[in-house]
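The values are calculated or read from the model by the stated rules, or taken from the named source; none is laboratory data. Here the structure is a predicted model, which is why all the values come from computation and not from measurement. So basically every Cβ, Gly included, is an ideal-geometry build from the backbone, and we count neighbours across all protein chains shown. Please note that ligands, DNA and RNA were not included when accessible areas were found on the heavy atoms of the full protein model with its side chains. Shrake-Rupley method; radii C 1.70, N 1.55, O 1.52, S 1.80 Å.
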Amino acid sequence: MSRENLVDNRRIARNTALLYVRMIVVTLLSLVTVRYTLALLGEDDFGIYNVVAGVVTFMSFVTATISSATQRFLAFELGRDGGRGYNDMFNMLLALFGIVAVVICLLLEAFSYPIVYHWLNLPAERLDAAFTVYHLAVLSFFSVIVSMPFLSSILANERMGVYAYIAIFDTVAKLAILALLLADCGDRLIVYAVAMTVVSVLTNLIYVVYNQRCVAATRIYWHWSRDVVRRLSAYVGWSFFGAVSGILCMQGLTILINLFFGVVANTAKAIADKVMLMVQSFVMNFYMAVSPQITKSYAAADHAAALRLAYTSTRLGYYLMLLLIAPFIVLADLILTLWLGDGCSADTVLFTQLSLLFVLVNVFETPVTFLIRATGDIRRYQVCVGCVTLMVVPVSALLYWLGCAAFTSFVVLNAVYLIAQIVRIVVLRRFFQTGIADYFRQCVRKPMAITLMVAAVSGSLLLLGVHELAVAVAVECLLMVALWTYGLADNERELVRGYITKRIKR
């Protein structure tokens, strides 16, 4: 392994660890914050805040798509020609986001009165307070959009530690807002909205200040390029198509289950979705650390390095998920019963297990998507994959109409996304020297062999009547041995061994 690759791998490992710390701390603090905020505000005011602020933050669906495009373009410029065009690209994006922020916020303000007073069906006695909350939410949203180029610059430069620390600060500050609510300083809903806006603006300002002081080549000046606008618009447009197809797929299944099986089955799906999103966040932190390296390698015309990094991260991402999901599937009934009590139905357990299988299937998607996004030519990719994934809804509807059980749609979801992954590899061949056979050999063969072995062992133990907890422990131990001896390559074991040794010495 070259010294440069070793440094890159260590940077990815360090950034992944920082992002995991961020996720764990933010998740735990958020659970506490939500619980006590609900108790202090009351159900009515808490609901009003979330409804009113949700109308504004719904636009974040659009800005999230733009944000991913921003990170790609900045990372690409860093990897191309020594980063000479990075400052121009940064200022171009800053000007574009400024225009987008002004336009969206003017539209939100223009419709503020009918939205709050006529369309949201809020309690009459709280309309004036809700109107104030709406304006504050618009201000917060404006700060989010304007700061996006600065945050994207931080991520493109792989300053994940700063991103993690600022996110933790944001969460701790929101927890501190509870002290204001306890002090009873007036209308708690308005006090809460003002404090949340101040925290949001302050957090985004920290991104701006840090980027300007600590990230090179981000001097602010006016720069405009029609070519960049054209390329960014095309990229965002096709990314938006892909995002919409994914949302239609998942929300379409929710509607179908509700139509054919009622709200009880839909509640089971909602719980399964929450577990799925929580588990997915673990691997997405890892992929978030890998993404800039893939884009920079492609921009530097080192396509082999980009492909190698994507394939390696696919296997490692799958292993991370398997370590977490395998025991969870075995203990799903026990864990969900402890969490939900009497609200845990058989459908909830089965839906959750099948959703976790979907997470494993979908692990293979993200690195390939990073590779395609690095090229900037995503039209064919988004159209082909989007059309395939949209088939989940009509196929599930047909099977439900024929009398199949509620869990059928989850089976269809897994099958369709496996087909979509094959389509992704076929499209990838247009840009990289690879194919389905090469992808199977490097990314699928070892993970599938380990998965089948674990499934056979756990299934056999459960059939023999061994307790689920003992099976879960056995599965985890078996996984660790199999991953170390068979799943990892020699250089990957060397990297892990060196990282652990270094930490022990410290």
Charged-residue dipole, Cβ positions (Lys, Arg, Asp, Glu), the stretch 108-252 about Cα centre, Debye nearest 20 | 600 debye
Summing -39500 (n - 2.57) over every DSSP H run of at least 4 in the chain, dividing by its residue total and rounding to the nearest 500, the 222 nm mean residue ellipticity is -29000 deg cm²/dmol
Test item: Cα-centred dipole of the chain, Lys/Arg +1 and Asp/Glu -1 on Cβ, debye = 2000 debye
Listed residue (251, 21, 408) projecting farthest to the positive dipole end of the chain, Cβ model | 21
Expected vector for the stretch 150-155, Karplus 3J(HN,Hα) from phi with 6.51, -1.76, 1.60 and θ = phi - 60°, integer Hz, x for Gly and Pro, equals 5, 5, 4, 5, 4, 5
If you roll a 1.4 Å probe over the heavy atoms of the protein chains, what accessible area per residue do you get for the chain, in Å²?
-> 48 Å²
Zone of residue 99 (label point 7 Å along Cα→Cβ, backbone N under 20 Å): which residues in the stretch 204-233?
-> 220-233
What residue among 136, 301, 46 has its Cα farthest toward the positive end of the dipole of the chain, where the charges are +1 on Lys, Arg and -1 on Asp, Glu, each on the Cβ?
-> 301
Can you find, among 397, 119, 483, the residue farthest towards the positive end of the dipole of the chain? Put +1 on the C-beta of Lys and Arg, -1 on that of Asp and Glu.
-> 483
Mean Cβ count within 10 Å, highest first, over the residues of peptides 480-489, 288-297, 230-239 | 288-297, 230-239, 480-489
Judged on accessible area alone, 1.4 Å probe, highest first, 378, 255 line up as 255, 378
Got a number for carbon plus sulfur as a percent of the chain's accessible area, 1.4 Å probe?
-> 67 percent
